[in-house]
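Since the structure comes first, as structure tokens, the remarks are kept for the end.
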Amino acid sequence: MSRDTISDFLTIIRNGIMAARPFVVVPHSAMKIEIAEILQAEGFVSNIVTIEEDGRKYIKIFLKYVDGESVIHEITRVSRSSRRVYVGFREIKPVIGGLGIAILSTSQGLMTNKKAKDLSVGGEIVCTVW
């Protein structure tokens with residue numbers, strides 16, 4: 001039985017927001033770091049720190065709130081292990097009229113839908129955030 005670690009990662013963030021936590025801690029992986037860096041660059045989280053405890057690496061993600069309301073309203077996994085969703089650069093659609101982002105896994109690495117469209121690259125839609 002396989003486990004979708006990216007879905008687990010997004011669920012931990014979603015649960016942290018619902019509980020109004022200042023930060024969440026998730027197990028480390030290269031893809032999770034890249035997703036977290038994109039979220040930080042786009043202003044959805046305030047900071048990311050890699051920590052090590054008992055020989056294991058973790059990512060500490062500081063969630064961002066404005067006037068007590070989370071900046072992330074919804075974070076959804078699009079492509080799953082049972083159903084992959086691929087788009088060409090011409091089919092990339094804006095998320096919530098351009099207010100949100102989609103994170104794509106492309107041949108040039110993980111990037112937002114806006115950057116992928118600018119670079120004319122398509123790929124697998126990992127998740128959407130707004």
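The values are calculated or read from the model by the stated rules, or taken from the named source; none is laboratory data. In this text, all values refer to a predicted model and were calculated from it rather than measured experimentally. All Cβ positions, glycine included, derive from the backbone under ideal geometry; neighbour counts span all protein chains shown. When the accessible area is computed, the model is the full protein with side chains, heavy atoms only, and any ligands, DNA or RNA have been set aside. Shrake-Rupley method; radii C 1.70, N 1.55, O 1.52, S 1.80 Å.
Averaged over its residues, segment 3-130 has an accessible area of 57 Å² per residue, based on protein heavy atoms and a 1.4 Å probe.
For Thr5 and Ser46, the FRET efficiency from 1/(1 + (r/R0)^6), where r spans their Cβ atoms and R0 equals 35 Å, is about 0.90. Derived value for the chain: Kirkwood hydrodynamic radius 15.2 Å. Basis is the mean of 1/r over every pair of different alpha-carbon atoms. Taking Asp54, Asp118, Asp67 as the candidate residues, the one with maximal mean-square fluctuation in a Gaussian network model of the chain, Cα springs under 10 Å, is Asp54.
In this label model, Asp67 and Val85 are separated by 3.0 nm, measuring between points 7 Å along each Cα→Cβ vector. Here the accessible area of the chain is 50 percent carbon and sulfur, with a 1.4 angstrom probe and all protein chains present.
Give me the percent relative contact order of the chain, please, defined on Cα pairs under 8 angstrom at least 6 residues apart. The value is 22 percent.
In terms of accessible area, using a 1.4 Å probe and ignoring ligands and nucleic acids, Met31, Met111 rank largest first as Met31, Met111.
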